[in-house]
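Some notes on the structure that comes next.
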Amino acid sequence: MLRGVLLSEASGGTTGLSPRVLHLAETPVFPLPFILLTAVLIIAAVNDIRLQKIPNWLTYPAMTVGIIYHTGLKGLEGFIFSWGGIGVGIAVLIGFYLVGGTGAGDVKLMGAVGGFLGPKGVFIAFLCTAIVGGIYAILLMALHGFLKETAKRYIRIIKTFILTKNIIYAPPTQKEKNPKLCYGVAIAVGTIISLAFFRSI
């Protein structure tokens, strides 16, 4: 509505509108890449919940679309921007994947996010995802009654460090491993939050 009013006033010859206001009036409220990325994230989250898997037929085409969009928009600069985002997106999660903390689909999904948002945008999305993922994990453990057991395990790790000055990791019990954390959901919610507050498309 505001966009339509501003455009109407601008075309009618009304003076006094700053260039910034006119620029905002000409900017689409929901640009196409925002809609596409949101759709990819929703599909990924649904698949992760239902099948515990984020398919390649979703992540690889999403990366490709991001590259094509930015290359078409800014040429070589956009091509480098998109590939840089893919690289950062994969890099921030690859360590977690190697230790079994996330799945390969999660890593590729974050890479796809980077293809749209670029290096800085995907890093912000990752930070938001980490916060959402932490809250999600705590709620999941609480719902399954494992929060107290997990807290005790970390308290033992801290006590051991105080007494021996060595960090001796105590792995979770099989009981604690039972709740399935669908990290694709955390990536979806975290990225959408980052777009809402730090919009970079």
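The values are calculated or read from the model by the stated rules, or taken from the named source; none is laboratory data. Bear in mind that the values here come from a model prediction, so they are computed numbers and not experimental data. Methodologically, a virtual Cβ is constructed for each residue, glycine included, from the backbone with ideal geometry; neighbour enumeration extends over all protein chains shown.
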On the basis of being hydrophobic (A, V, I, L, M, F, W, C), modelled with pLDDT of 90 or more, out of contact with any Gly (no Cβ under 6 Å at 6 or more places or on another chain) and within 25 Å of Ile193 (Cβ to Cβ), does Ile54 make the cut?
no
Just to be sure before I move on: is Ile49 at pLDDT below 95, among the β-branched types (Val, Ile, Thr) and more than 14 Å from the chain's Cα centre (by Cα) in the structure I sent?
yes
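Determine whether Leu93 is under 18 Å from Ser194 (Cβ atoms) and touching a helix residue (DSSP H, G or I) at 6+ places or on another chain (Cβ under 9 Å). Lay out the reasoning, then the answer.
On the way: under 18 Å from Ser194 (Cβ atoms): yes; touching a helix residue (DSSP H, G or I) at 6+ places or on another chain (Cβ under 9 Å): yes.
For Leu93, the condition - under 18 Å from Ser194 (Cβ atoms) and touching a helix residue (DSSP H, G or I) at 6+ places or on another chain (Cβ under 9 Å) - is met.
Would you say Val99 is closer than 17 Å to Tyr183 by Cβ, without any contact (Cβ under 8 Å) to a residue 40 or more places away in the chain and surrounded by fewer than 19 Cβ atoms within 10 Å (Cβ to Cβ)? Lay out the reasoning, then the answer.
Values: closer than 17 Å to Tyr183 by Cβ: yes; without any contact (Cβ under 8 Å) to a residue 40 or more places away in the chain: yes; surrounded by fewer than 19 Cβ atoms within 10 Å (Cβ to Cβ): yes.
Yes.
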Thr71 vs (1) touching a residue at least 24 places away in the same chain (Cβ under 8 Å); (2) of a type in the set (S, T, N, Q); (3) within 16 Å of Pro33 (Cβ to Cβ): all pass except (1)
Condition (residue is in contact with a helix residue (DSSP H, G or I) (Cβ under 9 Å, 6 or more places away or on another chain), closer than 22 Å to Ile192 by Cα and modelled with pLDDT under 95) applied to the stretch 15-24: is it met by at least one residue?
yes
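Picking from Leu2, Leu41, Leu36, Leu7, which residue would you name as being out of contact with any Phe, Trp or Tyr (no Cβ under 9 Å at 6 or more places or on another chain), at pLDDT 85 or above and either within 21 Å of Phe123 (Cβ to Cβ) or surrounded by fewer than 18 Cβ atoms within 10 Å (Cβ to Cβ) (or both)?
Numbers: Leu2 fails: at pLDDT 85 or above; Leu36 fails: out of contact with any Phe, Trp or Tyr (no Cβ under 9 Å at 6 or more places or on another chain); Leu7 fails: at pLDDT 85 or above.
Of Leu2, Leu41, Leu36, Leu7, the one residue that is out of contact with any Phe, Trp or Tyr (no Cβ under 9 Å at 6 or more places or on another chain), at pLDDT 85 or above and either within 21 Å of Phe123 (Cβ to Cβ) or surrounded by fewer than 18 Cβ atoms within 10 Å (Cβ to Cβ) (or both) is Leu41.
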Restricting attention to the stretch 178-189, report how many residues are under 18 Å from Tyr97 (Cα atoms) and either at pLDDT 90 or above or outside any loop (DSSP other than H, G, I, E, B) (or both).
6
